[in-house]
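Below: the structure, in structure tokens.
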Amino acid sequence: MRFPEDVPVLTDGVVTLRAHTVDDVEPAYRMCQDPVMQEWTTIPVPYLHEHAVNFLTEMVPNGWRTNTMWAWAIEYDGRYAGTIDLGDGEGGVGEVGFALGPEVRGNGVMTRALKLAVRYAFDGLGWDRVIWRAFVGNYASRRVAWKVGFRELVRVQGGGRTRGSRKDEWVATLGREDELEPQGNWWSVPELEGNGIRLRGLRDSDAQRVQEACSDERTQLWLSGMPSPYRLEDADGFIKTRLHMMASGEGVAWAIADPATDQLLGNVSVFHLNNRMDATMGEIGYWMHPDARGRKVMTSAVQLLIPHAFKPVAEGGLGRRRLVVKAAEGNSASAHVAEANGFTHVGTERAAIPRRDGNYDNDLIFDLLADEYAAR
Ligand SMILES: CC(C)(COP(=O)(O)OP(=O)(O)OC[C@H]1O[C@@H](n2cnc3c(N)ncnc32)[C@H](O)[C@@H]1OP(=O)(O)O)[C@@H](O)C(=O)NCCC(=O)NCCS
């Protein structure tokens, strides 16, 4: 192919992919000074002016001429906004990479650009599959890939390479026959307020309170799967993995907070939302910080989230038909939360919960059905 004459111009009317020009060097250089860009991509750091010149005037044209990389400038609002490229393609499979200047992010630009690029990969280059890769934690990139229909996301430990070291990465792919539509749910965490409490998303700054709550003797006794000792880094990990839980459609976790101080009082989650046998059920799990127990806070928190859990997905809810609470026999505080919210004790799984001393507790099963809740 000749550059720039043969570079196809692709547009959806809002975003246009076109050949790079020397005028893009300046804005591309500025974009690469952004710390977010440096954190999530493999560009050289420090990023020098000559890096931008070399990339746009040597590597990009050579990529088109040698059929090894197909990179476009993303034009939005009459200006250069970023770059998207397809690379490799051997055996009909190649990779996509993209970046946008910070001032343009959050307007759906990359979602549009990625749709244009993958359609070209299939229809223009004849590929069968496009691979998306991102360092673990790059939720903006993951969301773009999810919105365009990339699927079967996996985590590859040490799979990403960055300036001489390795990082864990996410990988997902899109096939020629796949619809360019999101697969599965990416749950949001609506703020729910009432009953003198606030349910909100967990934050990094909650880590200390999470650690205190989860190292407490009673939490450790009844939730025997928790790390012991429970360190601050376990709390950090817990908070970070809640994002993955929501992005994968597996569940939603709220911090229960004091509305006046916003301090974390406990945690409540609905999970198992991808249950293969029954994707309409959800299990509720919880724990309280010891200094907030005994004031019916958890009963109120579960009461607040039930309507959200039963609300249809199209209306922003979790679309559940059946909710379950499980409590080890003997954990009367936990069983009380379920019963106070109208759950029915429907059975007991015998010797079902391992204890740290090697014995097993019976597990009391409570459930609540959407139609019985609606009929109240
Ligand atoms: C990734 C990137 C290209 C996204 O560009 P963009 O134009 O902002 O993308 P879009 O607006 O099409 O979509 C971004 C989505 O992610 C969401 N998002 C952004 N940050 C997020 C975060 N930390 N957690 C969850 N979602 C996030 C946005 O809300 C938006 O979703 P919505 O439209 O449903 O609200 C841009 O952030 C970027 O250039 N980052 C630095 C370079 C980079 O990471 N490149 C990819 C390497 S794999």
Hey, among the residues in segment 138-157 that are open to solvent by 70 Å² or more (accessible area, probe 1.4 Å) and either among the aromatic types (Phe, Trp, Tyr) or within 7 Å of the ligand (Cβ to nearest atom) (or both), which one's farthest from LYS115 (Cα to Cα)?
ALA140
Cβ pairs under 6 Å, 6+ apart, first in segment 142-157 and within 20 Å of ALA121 (Cβ to Cβ), second surrounded by fewer than 13 Cβ atoms within 10 Å (Cβ to Cβ):
GLY149/GLU179; GLY149/GLU181
Subset of segment 181-200, residues open to solvent by 30 Å² or more (accessible area, probe 1.4 Å) and within 19 Å of the chain's Cα centre (by Cα), comes to GLU181, PRO182, GLN183, GLY184, ASN185, TRP186, SER188, VAL189, PRO190, GLU191
If I ask for residues that are more than 21 Å from VAL130 (Cβ to Cβ), more than 9 Å from the ligand (Cβ to nearest atom) and among the aromatic types (Phe, Trp, Tyr), which ones from segment 37-84 would you list?
TYR47, PHE55, TYR80
With (1) open to solvent by less than 80 Å² (accessible area, probe 1.4 Å); (2) part of a helix (DSSP H, G or I) as the list, and ARG30 as the residue in question, which single condition is left unmet?
(1)
Taking SER165 and the conditions (1) surrounded by 14 or more Cβ atoms within 10 Å (Cβ to Cβ); (2) at pLDDT below 95, which numbered condition does it fall short on, given that it satisfies the others?
(1)
State whether one or more residues within segment 172-180 are of a type outside the set (Asp, Glu), in contact (Cβ under 8 Å) with a residue 40 or more places away in the chain, open to solvent by 70 Å² or more (accessible area, probe 1.4 Å) and farther than 25 Å from LEU318 by Cβ.
yes
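The values are calculated or read from the model by the stated rules, or taken from the named source; none is laboratory data. Model, not experiment: these values are computed from the prediction. Because the Cβ atoms are built from the backbone with ideal geometry, glycine has one as well, and the counts that use them run over all protein chains shown. The area values use the complete protein model at the heavy-atom level, side chains included, leaving out ligands, DNA and RNA. Shrake-Rupley method; radii C 1.70, N 1.55, O 1.52, S 1.80 Å.
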